[in-house]
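K.L.:
What follows is a single structure, and I will ask about it in a moment.
Coordinate-derived values only; no laboratory data. Because the structure is a prediction, the values reported are computed rather than measured. So basically every Cβ, Gly included, is an ideal-geometry build from the backbone, and we count neighbours across all protein chains shown.
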Amino acid sequence: MSDHFNFDKLLNHDSSKANLDYIASQVQDKAEAFAAIMEYALNGDPRIAMRASAVAERITREYPDMIHPFVDEILIRFNDFPHQGQKRNIMKIFTRMSFPEEQLGKIVDLSFSCVDNVKESIAVQAYSMEIIFNTCVEIPELRKELRFILQERQEYFSSGWQARARIFLKMLDKLT
């Protein structure tokens, strides 16, 4: 079932939890099958890309290292992803990851860009806040920048964004 072509039918079938879980169960830790899913996630039509990224998110819960070979390409293409669900799934994966130093700066920059972009969904912004916060634990210098954005931008964003910002501000207070 890990054959690349079999994913066409499965990803086109529907976006139900059961279907996405089934696809993820077929891939598991098979690198070649995961690469096929990531091909769909990065290059498929928006609907299929969103579904494939949801499958990747499920797989990386159990096999988090599977995503590492694709991080650089994701970073290059992230802003061109046409579907907010695709972005949401990728950022959710990133909340659970540790990054090598050469990628960390790019991830943090992307996350700050998402937090400060009213066009991004609340979920993408919230996961971006979490990525930055997680990095703040290891790099205390980022705390000030995160705090500034969360405090100064509140009036420009939705109540959902403001609620998440308040949560992270309280968490930042506990770090200092």
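K.L.:
Taking a cut-off of 17 Å between Cα atoms, list the aspartates and glutamates near Lys144, but don't count ones fewer than 8 places away on the same chain.
P.N.:
The reachable aspartates and glutamates, counting only those whose Cα sits under 17 Å from Lys144, are Asp109, Asp116, Glu130, Glu152, Asp173.
K.L.:
With a ≥ b ≥ c taken as the square roots of the eigenvalues of the C-alpha gyration tensor of the chain, please select rounded if a/c is under 1.5 and otherwise prolate if a/b is larger than b/c or oblate if it is not?
P.N.:
Because a/c hits 1.5 or more and a/b exceeds b/c, the chain counts as prolate.
K.L.:
Can you give the percent of C-alpha pairs in the range 1-79 whose distance is more than 17 Å?
P.N.:
35 percent
K.L.:
Under the classification rounded if a/c is under 1.5, otherwise prolate if a/b is larger than b/c and oblate if not, where does the range 98-176 fall, given a ≥ b ≥ c as square roots of the Cα gyration tensor eigenvalues?
P.N.:
oblate
K.L.:
Can I ask one more? For the chain, give the magnitude of the charge dipole about the Cα centre (Cβ charges: +1 Lys/Arg, -1 Asp/Glu; no others), in debye to the nearest 20.
P.N.:
760 debye
K.L.:
Mind checking which lysines have their C-alpha under 21 Å from Lys9, skipping anything on the same chain fewer than 8 residues away?
P.N.:
Hits, sequence-local ones excluded: Lys17, Lys30.
K.L.:
Now for a different question. To the nearest 10 degrees, how steeply does helix 141-152 sit against the main Cα axis of the chain, on a 0 to 90 scale?
P.N.:
So the helix axis and the longest Cα principal axis differ by about 80 degrees.
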